[in-house]
Amino acid sequence: MNTETILYEVADGVAKITLNRPDKLNSFTVQMHGELAEAIKAARTDESVRCLLITGAGRGFCAGQDLGDRAVSPGGEAPDLAESLEKRYNPLIRSIADLEMPVICAVNGVAAGAGANLAFACDIVLAARSASFIQAFCKIGLVPDSGGTWSLPRLVGPARAAALMLTGEKVPADKAADWGMIWKAVDDEALAEEAEALAKHLATQPTAGLALIKRALKETWTNTLDQQLNLERDLQSLAGRTRDYQEGVDAFMNKRQPAFVGK
Ligand code: LHQ
């Protein structure tokens, strides 16, 4: 794939996307959105890919929208930011939530604004100890977007989400892990290796089953217990028909390692 603002590589069943505008802390431009959308589509349509890993180049993960980008910066006339959300940020967040494989985010440095909320849209978030998360929107008069007002209260509860969004206070990685905002914080030097090892491991697991788990977790927020029990029944019916379920049970019964194919 020919890209300028991201790197895209596939190896061992893992598609890795590296946001690659390090001088601007990998902030989003229209071009980066376009290339990111293409890369996620490539991962979705490549049969060999069973896990997606997203990280950033340089000292930042992603500083949200590039505030100097002409498509969104206020000139004479007030820009309509709805268009930017409708055309770029919302499809990005939906494409990650709907991707039928695990999405891991390795937050290598500061994650601010839409950069933080991009991380929270992923299924498992690891962060370097030196990384931090900032709901920067309030500092420039904006509303948290990219699903942040949905994901953050669910991750940390309403009291913490409200204070973080109204103050823009920086949350260091260790505190983010303590609060349940992310899966874990790891030493800076260990982040890339640990995230890649996890991604490679997940790429050998029953991908179809993992995708059904993603669906159950997504729908639980709006379901009653009865609805969720019905959903679990329906998803288990699908999971029970996969080749990997047969393989998992057979491997267990015969005391051997399973060889899952992802279907
Ligand atoms: C940047 C940025 C940046 C451009 C660092 N843009 N250059 C959606 C719809 C439409 C419009 C608006 O937005 C949205 C969603 C959003 O994401 S809104 C929130 C946008 N993001 C922010 O407000 C965060 C702005 N950045 C910061 O507050 C700081 O840069 C953080 C706290 C992230 C990091 O601080 P430092 O570690 O001190 O780094 P720095 O500020 O020195 O930045 C390094 C360079 O990166 C610097 O460039 P320079 O040429 O001076 O070295 C910054 O200008 C540039 N940069 N963020 N968002």
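The values are calculated or read from the model by the stated rules, or taken from the named source; none is laboratory data. All figures in this text were calculated on a predicted structure; none of them were measured in a lab. Backbone-built Cβ (ideal geometry, glycine too); neighbour counts: all protein chains shown.
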Quiz item: Of the residues that sit in the stretch 52-75 and are over 14 Å from the mean Cα position of the chain (by Cα) and more than 11 Å from the ligand (Cβ to nearest atom), which one is nearest to E193 (Cα to Cα)?
Solution: A57
Quiz item: Residues that are in contact with a Gly (Cβ under 7 Å, 6 or more places away or on another chain) and over 30 Å from G209 (Cβ atoms): which strands (runs of 3 or more DSSP E) entirely in the stretch 1-115 hold 1 or more of them?
Solution: 60-62, 110-112
Quiz prompt | Qualifying residues in the stretch 116-144 (those that are within 13 Å of the ligand (Cβ to nearest atom) and assigned to a loop (DSSP other than H, G, I, E, B)) - the one farthest from W183 (Cα to Cα) | solution = G141
Quiz item: Do we have any residue at all in the stretch 98-106 that's under 30 Å from E193 (Cβ atoms), surrounded by fewer than 15 Cβ atoms within 10 Å (Cβ to Cβ) and touching a residue at least 60 places away in the same chain (Cβ under 8 Å)?
Solution: yes
Quiz item: Does the stretch 86-95 include one or more residues that are over 29 Å from W179 (Cβ atoms) and either modelled with pLDDT of 95 or more or over 16 Å from the mean Cα position of the chain (by Cα) (or both)?
Solution: yes
Quiz item: What residue, of T55, T45, is over 29 Å from R129 (Cβ atoms), at pLDDT 95 or above and assigned by TED's automatic domain parsing to the domain that holds L152?
Solution: T45
Practice problem: Could you grab the pairs with beta carbons closer than 7 Å, sequence gap of 6+ or different chains, first residue in the stretch 1-26 and touching a residue at least 60 places away in the same chain (Cβ under 8 Å) and buried (at least 19 other Cβ atoms within 10 Å of the Cβ), second one in a loop (DSSP other than H, G, I, E, B) and among the hydrophobic types (A, V, I, L, M, F, W, C)? | Solution: G13/V49; G13/A203; V14/A203; L25/A63; N26/A57; N26/A63
Quiz item: Of the residues that make up the stretch 151-167, is at least one in a loop (DSSP other than H, G, I, E, B) and surrounded by fewer than 17 Cβ atoms within 10 Å (Cβ to Cβ)?
Solution: yes
